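S.K.: This is the structure, below, for whatever I ask next.
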Amino acid sequence: MFVCRRCGRVEARALAVCPTCGTWAAFRPLEEPKALSRPARFFLGPILGGLLGEVPGGTVLLLGGEPGVGKSTLALSVAGALAAQGPVVYVCGEEDPAVVQARAARLGVPQKGITFLPEVILARILQAAKGAAAVVVDSLPCLTTRASLLPGSAQAQNEATLGFVRFTRKTGCLSLLVTQVAKRGLAGPKFVEHAVDVVLVLTKDANGTRALRVTKNRLGPLPPPLPLRMTGQGLAPSEAPSPAPRAKTR
């Protein structure tokens with residue numbers, strides 16, 4: 001496979017001129033990702049780790065939620081935990097890397113070992129992630145596989161997801177993809193949910209109480225929802241309210 005060095009278009013052979021951006025002699029061989037020394041299992045931090053335990057390499061997770069519910073905050077926390085186990089590429093598709101880094105500093109997330117990558121084209125992301133132990137993508141609807149394909153379209157999300165699944169399986173790394181929710185569930189094509197190993201949904205009720213639910217888990221049984229609260233250092237598990245005492249009967 002060959003990739004255009006300018007726009008990221010992927011072709012089976014090296015074309016003289018890129019059909020997308022018109023650059024001459026732009027195609028370079030797309031190197032296959034190599035299996036590097038990565039942890040056999042990953043700890044995802046106190047929240048995801050509390051739900052799933054340690055997760056084996058080669059796992060792809062999908063995290064969804066409404067805007068403002070705390071998906072990016074949780075993704076940063078997971079990236080910080082993963083960085084203690086190996087290099088992490090954090091794909092900044094929605095925000096400038098400086099904004100993301102400032103948020104990480106405010107939340108107290110360790111940034112050593114994290115590369116904040118401002119990129120939306122899949123081939124470039126996978127090239128940058130060749131030496132990483134984990135990849136965190138915020139967010140999947142921002143990505144595309146070539147400059148001529150509209151980001152967020154069903155085709156773009158399907159192709160990007162499939163690319164991450166193949167890359168993750170081959171290298172033994174871990175991938176966390178962040179997405180949105182719609183009225184009837186996660187936004188985007190159903191193929192995305194079918195292709196990944198674990199689907200997590202972060203919700204918030206009218207009182208501001210949050211909960212993280214696992215709706216799909218190829219790694220084991222579905223755990224019960226985890227109640228969460230937002231603090232100055234990000235999301236944290238909250239204790240379930242004690243049951244009200246029963247009224248005495250005569």
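S.K.: Counting only heavy atoms of protein chains, what accessible area per residue, in Å², does region 140-181 have with a probe of 1.4 Å?
M.R.: 33 Å²
S.K.: What does the accessible area per residue of region 57-115 come to in Å², with a 1.4 Å probe and no ligands, DNA or RNA counted?
M.R.: Solvent-accessible surface per residue comes out at 37 Å².
S.K.: Next question, about the same structure. For the chain, what does the relative contact order come out to in percent, with C-alpha contacts under 8 Å and a separation of six or more? Each step should come with its number before you reach the end.
M.R.: Working: 522 pairs, mean separation 53.2, N = 250.
After rounding, I find 21 percent.
S.K.: Could you list which residues have their amide H under 5 Å from that of Thr115, counting only those 5 or more apart in sequence or on another chain, with H placed in the peptide plane?
M.R.: When sequence neighbours closer than 5 places are left aside, the close amide H contacts are Val88, Val89, Tyr90.
S.K.: List the longest stretch of the chain that has no exposed loop site; here a site is one of the GluC sites (Glu not before Pro) assigned by DSSP to anything other than H, G, I, E or B, with at most 15 other Cβ within 10 Å.
M.R.: Free of exposed loop sites, the longest segment is 95-238.
S.K.: Percent antiparallel among DSSP beta bridges with both residues in the chain, to the nearest 5?
M.R.: The antiparallel fraction comes to roughly 50 percent.
S.K.: Which pairs break 23 Å Cα to Cα here: Lys190/Lys216; Lys71/Lys190; Lys71/Lys112; Lys112/Lys216; Lys71/Lys216?
M.R.: Check vs 23 Å cut-off fails for Lys112/Lys216.
S.K.: Please identify, among Lys71, Lys190, Lys204, the residue showing maximal mean-square fluctuation in a Gaussian network model of the chain using a 10 angstrom Cα cutoff.
M.R.: Lys190
S.K.: Which residue fluctuates the most in the chain, going by a Gaussian network model with Cα springs under 10 Å, if the choices are Ala160, Ala14, Ala134?
M.R.: Result: Ala14 has the largest fluctuation of those listed.
S.K.: Additional query: Mind checking the angle between helix 154-171 and the chain's longest principal axis? C-alpha axes, 0 to 90 degrees, to the nearest 10.
M.R.: Once rounded, one gets 90 degrees.
S.K.: Follow-up. Trypsin sites (Lys or Arg not before Pro) within region 120-166: which are DSSP loop residues with at most 16 other Cβ atoms inside 10 Å?
M.R.: Details: sites: Arg124, Lys130, Arg146, Arg166; in loops: Lys130, Arg146.
Of the trypsin sites (Lys or Arg not before Pro), the ones in loops of region 120-166 whose Cβ has at most 16 other Cβ atoms within 10 Å are Lys130.
S.K.: Can you work out the Karplus-derived ³J(HN,Hα) for every residue in region 99-110? Use 6.51 cos²θ - 1.76 cosθ + 1.60 with θ = phi - 60°, whole Hz, and x for glycine or proline.
M.R.: Taking θ as phi minus 60°, the curve returns 5, 5, 5, 5, 5, 4, 5, 5, 7, x, 7, x Hz for region 99-110.
S.K.: Could you check the simple spin-label distance between Arg28 and Ala16, using points 7 Å along Cα→Cβ, in nm with one decimal?
M.R.: About 2.3 nm, to one decimal.
S.K.: Here is a further query. For region 1-160, which whole-number percentage of the solvent-accessible area (1.4 Å probe, protein heavy atoms only) is attributable to carbon and sulfur atoms? Walk me through the intermediate numbers first.
M.R.: Values: 3830 of 6870 Å².
Here it works out to 56 percent.
S.K.: Between Ala154 and Ala84, what length comes free when the chain is fully extended (0.36 nm per residue of separation minus the Cα-Cα distance, one decimal in nm)? Walk me through the numbers on the way to the answer.
M.R.: On the way: separation 70, 0.36 × 70 = 25.20 nm, distance 3.45 nm.
Net length gain for the segment: 21.8 nm.
The values are calculated or read from the model by the stated rules, or taken from the named source; none is laboratory data. Please read all numbers here as calculations on a predicted model, not as lab measurements. Every residue, glycine among them, receives a Cβ derived from its backbone with ideal geometry; neighbour counts consider all protein chains shown. The accessibility values were calculated without ligands, DNA or RNA, using every heavy atom of the protein model including side chains. Shrake-Rupley method; radii C 1.70, N 1.55, O 1.52, S 1.80 Å.
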